[in-house]
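The values are calculated or read from the model by the stated rules, or taken from the named source; none is laboratory data. Note that the structure is a prediction, hence the values are computed from the model and not measured. Cβ atoms come from the backbone with ideal geometry, glycine included; neighbour counts cover every protein chain shown. SASA here: full protein model, heavy atoms, side chains in, ligands and nucleic acids out. Shrake-Rupley method; radii C 1.70, N 1.55, O 1.52, S 1.80 Å.
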Amino acid sequence: MESNILIFGGTGYIGKHMVKASVKLGHPTYVYSRPNSTKSDLLEEFQSLGVNIVRGGLDEHEKIVSLLKEVDVVISALAYPQVLDQLHIIEAINVAGNIKRFLPSDFGCEEDRISVLPPFQAFLDKKKRIRRAIEAAGIPYTYVSANCFGAYFVNYLLRPREKHDDIIVYGNGEAKVVLNFEEDIAMYTIKVATDPRTCNRVVVFRPPSNVVSQLELISIWEKKTGQNFKRVHASEEEILILAKTLPDPENIPVSILHSVFVKGVTMNFELGDNDIEASRLYPDMQFATVEQLLDVFLHDPPKSASAAFA
Ligand SMILES: NC(=O)c1ccc[n+]([C@@H]2O[C@H](COP(=O)([O-])OP(=O)(O)OC[C@H]3O[C@@H](n4cnc5c(N)ncnc54)[C@H](OP(=O)(O)O)[C@@H]3O)[C@@H](O)[C@H]2O)c1
């Protein structure tokens with residue numbers, strides 16, 4: 001069944017895939033974008049796909065409330081610095097009173113299940129604050145723990161667009177990590193946003209075929225490219241020193257590397273009977289596997305233009 005879906009941050013790195021997935025699945029789609037957004041080409045492309053573009057700021061309460069009255073589902077894919085600005089969206093959803101589902105800008109590690117180095121913890125604590133505000137307001141929600149954006153981290157770890165013969169390995173390289181292709185994250189996000197089974201639940205995107213260690217990822221890449229790379233290990237101690245000494249916000253990416261690639265936080269908690277894992281929900285859909293993700297890089301490496309690791 002179709003729902004009217006409004007996406008905040010729809011011109012962003014992950015948001016643009018969500019807008020396209022929403023259109024593809026036949027949902028009337030709305031994007032709320034700042035008047036001074038620099039993404040005019042993308043907004044024009046969205047318009048040609050039939051997307052309704054509404055220009056405004058996050059503090060324009062009345063404008064947001066009247067837009068909310070036209071939609072059923074709200075997804076926020078706002079950038080990390082705007083996480084707390086989502087309090088404005090929550091306030092407007094409360095006033096509008098008709099929203100059937102809100103998905104806040106999570107799309108990473110499962111912040112209620114892990115604990116990490118202080119700079120990354122401060123980042124996650126803001127996302128947790130938004131979750132608690134949604135629950136306190138009684139707004140129906142789905143929290144998406146999408147784990148690692150696959151193309152984004154393949155670009156960062158393997159540097160497929162550059163000529164080089166070494167690859168940095170964070171820690172011993174054996175911790176398991178979940179890498180999901182961005183287009184799949186977007187498609188599954190739209191599916192779970194409108195699925196009654198995922199109302200007031202956390203959905204973890206952890207398909208078994210997308211769990212890989214850094215060392216395994218490098219070996220697969222070597223087989224595909226026919227190249228051999230020298231593994232240069234950045235030790236946990238070195239990473240911890242950087243996380244302690246770098247100024248804020250430069251200490252955040254290094255803390256994320258520690259949590260995800262040294263400690264393995266995307267995989268180091270068990271999913272129980274009460275957890276929802278996305279790949280089990282839709283038998284007719286599949287996540288691109290790590291092998292398939294790397295095939296994309298062999299032919300036409302996508303750029304990753306998102307904040308922290310760009
Ligand atoms: N799991 C992972 O590996 C991973 C990786 C990266 C990010 N993430 C998460 O994914 C979510 C989205 O991140 P992203 O990197 O996709 O976001 P992004 O591309 O940096 O930004 C998304 C959109 O936010 C809007 N925006 C930017 N500055 C703003 C401001 N000052 N006020 C209001 N709106 C503003 C812009 O839309 P307009 O120009 O149209 O207004 C922008 O296109 C975040 O929660 C982030 O933490 C996860």
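The local environment of ARG231, defined by Cβ-Cβ distances under 14 Å, has a net charge of -3 under the rule Lys, Arg +1 and Asp, Glu -1.
Taken per residue, the accessible surface of region 133-181 reaches 35 Å², heavy atoms only and a 1.4 Å probe. Please state the shape class of the chain: rounded when a/c is under 1.5, otherwise prolate if a/b exceeds b/c and oblate if not, all from the C-alpha gyration tensor. It comes out prolate by the Cα gyration axes. Using just its DSSP H runs of length 4 or more, each adding -39500 (n - 2.57), the chain gives a mean residue ellipticity at 222 nm of -11500 deg cm²/dmol after division by all residues.
Expressed to the nearest 5 percent, the antiparallel share of DSSP beta bridges inside the chain is 10 percent. For every other residue with a beta carbon closer than 13 angstrom to the beta carbon of ASN98, add +1 if it is Lys or Arg and -1 if Asp or Glu, then tell me the sum. Neighbourhood net charge equals +1. Measuring nothing but protein heavy atoms, the accessible surface of the chain at 1.4 Å probe radius is 51 percent carbon and sulfur. Relative contact order of region 181-276: what whole-number percent is it, with Cα pairs under 8 angstrom and at least 6 residues apart? Once divided by the residue count of region 181-276, the mean separation gives 30 percent.
Each other residue within a Cβ distance under 14 Å of PRO283 adds +1 if Lys or Arg and -1 if Asp or Glu, for a net charge of 0.
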